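Notes for the one structure printed next.
The values are calculated or read from the model by the stated rules, or taken from the named source; none is laboratory data. Given the structure is predicted, the values throughout are model-derived calculations rather than measurements. Backbone-built Cβ (ideal geometry, glycine too); neighbour counts: all protein chains shown. Heavy atoms of the whole protein, side chains included, go into the accessibility calculation; ligands, DNA and RNA do not. Shrake-Rupley method; radii C 1.70, N 1.55, O 1.52, S 1.80 Å.
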Amino acid sequence: MKTILFLPTQGPHLPRSGPAEKFDWREQCRLAARLRKEMPGATVYVPSAFQQAGAPSELAFYGAQLRAEGVPEEALVLDPRGLDTVEQCELALALAHGVNARLVAVSCAVHVARVRWLLRGHQVQHVIARGTPSRWLQFTHVVLAIAFPFLDVLGLRGWWKRRVSRRRLAGRQ
């Protein structure tokens, strides 16, 4: 069975403290590259339509890092869709279902609770990358790990996606 290693993006353009090689999103890419080597034929899938104003796109950051970690071009799918984690998870599920593949979510530690929520009810293996997170994203993920499931249960996922899309299309995290 085909395997898709899915990387929900983690704001690579945002500042973090400490050495750059320890940043969580870089650890995520490093872990995905290592898993790819252990799973011949696996595809590394990164969906993101976001570009912070004045910075390269998330796909540019992730693509460069994954290539530097040795992921071959033919195993790399950089999908220019998915403005937020919700859409990225929906896209990953649709891709895995469409090609009848096993889905492995490689998430940063601060992101994993929401990714698990969004992928619940599906057979997904979760792998956690640990590294230095953005303090801003660390804060927002704590809030969203609690708040988003409530919004989702109340049927407000569409409202949330529209709200986030307006910000992201304006180039704001």
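Given the conditions (1) under 18 Å from Ser48 (Cα atoms); (2) open to solvent by less than 60 Å² (accessible area, probe 1.4 Å); (3) free of Cβ contacts under 8 Å to residues at least 24 places away in the same chain, which single one is not true for Ser165?
Evaluating Ser165 over (1) under 18 Å from Ser48 (Cα atoms); (2) open to solvent by less than 60 Å² (accessible area, probe 1.4 Å); (3) free of Cβ contacts under 8 Å to residues at least 24 places away in the same chain leaves (3) as the failure.
Where in the stretch 1-109 are there strands (runs of 3 or more DSSP E), lying wholly inside it, with at least 2 residues that are at pLDDT 95 or above and crowded, with 20+ Cβ neighbours inside 10 Å?
Values: elements: 3-6, 43-47, 76-79, 102-108.
The strands (runs of 3 or more DSSP E) meeting that bar are 3-6, 43-47, 102-108.
From Ile128, Ile146, which residue is open to solvent by 50 Å² or more (accessible area, probe 1.4 Å), farther than 20 Å from Trp25 by Cα and of a type in the set (A, V, I, L, M, F, W, C)? Write out each step before concluding.
Details: Ile128 fails: farther than 20 Å from Trp25 by Cα.
It is Ile146.
Closer than 19 Å to Val164 by Cα and open to solvent by less than 40 Å² (accessible area, probe 1.4 Å): does that describe Arg114? Reasoning before the result, please.
On the way: closer than 19 Å to Val164 by Cα: yes; open to solvent by less than 40 Å² (accessible area, probe 1.4 Å): yes.
The answer is yes for Arg114.
Can you find a residue that is in contact with a strand residue (DSSP E or B) (Cβ under 9 Å, 6 or more places away or on another chain), assigned to a loop (DSSP other than H, G, I, E, B), without any contact (Cβ under 8 Å) to a residue 40 or more places away in the chain and under 25 Å from Ala32 (Cα atoms) anywhere in the stretch 128-140? Show your work before the answer.
Quick first cut of the stretch 128-140, residues in contact with a strand residue (DSSP E or B) (Cβ under 9 Å, 6 or more places away or on another chain) only: 128-134, 137.
Adding the requirement that they be assigned to a loop (DSSP other than H, G, I, E, B) leaves 130-131, 133-134.
Now restrict to residues that are without any contact (Cβ under 8 Å) to a residue 40 or more places away in the chain: none.
No: the stretch 128-140 contains no residue that is in contact with a strand residue (DSSP E or B) (Cβ under 9 Å, 6 or more places away or on another chain), assigned to a loop (DSSP other than H, G, I, E, B), without any contact (Cβ under 8 Å) to a residue 40 or more places away in the chain and under 25 Å from Ala32 (Cα atoms).
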